[in-house]
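Heads up: the structure comes next, in structure tokens.
What follows draws every value from the coordinates through simple rules; no lab data is involved. What you are looking at is a predicted structure, and each value in this text was computed from that prediction instead of being measured. Don't worry about glycine lacking a Cβ; one is built from the backbone with ideal geometry, like all the others, and counts go over all protein chains shown.
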Amino acid sequence: MATRPQMRPTFEITMTSDGSRTMKRIKDRLEKGSKRLRGQVLGDHAYVQIPPEQQSLLSPHLNLSLIPRGDKVVLHGRFGPRPNVWTGFMAIYGILAMTALGGLMFGWAQTTVDEYAWGFWLAPSALALIAFVYGAAVIGQGLTTDEMYLLRNFVDHMVAGDERVEPHCEDAEEPAPSTSPSPAN
């Protein structure tokens, strides 16, 4: 089943322990240095990204947090664009939403004085532009799936098998070959 696009995709890994070993492992690996990843760990939070010299405008970063849920701890990961890109998208959405609201108010004011209410046209135009910007964000995610995969793969390899409630797909046992006798001819 296909999943619908999300503005900031998330994932969760349920841990069997408090997750401190995982955060230490991530911190040690990032401090060791890598040509493919940069980041930092502060307590129960981590930030992982592609090195600046390899980043494009749409390159994602990954925020990780250990969140207690009842008697379990969950490693919560959220992909997003760099903070300045995210702020730009939110500013565009805000401006377009205010334009739509202003257009509705201006159109209503025009109708009260018996003028042609061209202001009402600003609302659907702004909504169309909001849909266009959302589409651009989804296309941007599609263009950076390889980078998102790299970040997620890093996290999957940092969480040891004994710390996961469900095994990582590479840690799952291969099904045993069938030992049923073949029919005799």
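Find out how many positive minus negative residues lie around Met158, taking Lys and Arg as positive, Asp and Glu as negative, among other residues whose Cβ is under 9 Å from that of Met158. Once positives and negatives cancel, what remains is +1.
At full extension, Thr14 and Phe132 could sit 38.9 nm farther apart than now, given 0.36 nm per residue minus the alpha carbon distance. Amide H contacts under 5 Å for Thr16: Arg164, Val165, restricted to partners 5 or more places along the chain or on a different chain, H placed in the peptide plane at 1.01 Å from N. Once the Cβ-Cβ distance of Asp28 and Ile92 is raised to the sixth power relative to R0 = 30 Å, the FRET efficiency obtained is 0.15. On full extension, the segment bounded by Asp156 and Arg78 gains 26.7 nm, given 0.36 nm per residue less the C-alpha separation. Using C-alpha pairs below 8 Å separated by at least 6 residues, the relative contact order for region 55-121 is 21 percent.
Between the beta carbons of Ser65 and Trp121, assuming R0 = 45 Å, the FRET efficiency works out to 0.55 to the nearest 0.05.
Taking amide H atoms as placed 1.01 Å from N in the peptide plane, the amide H of Gly80 lies under 5 Å from those of His61, Asn63, each 5 or more residues away in sequence or on another chain.
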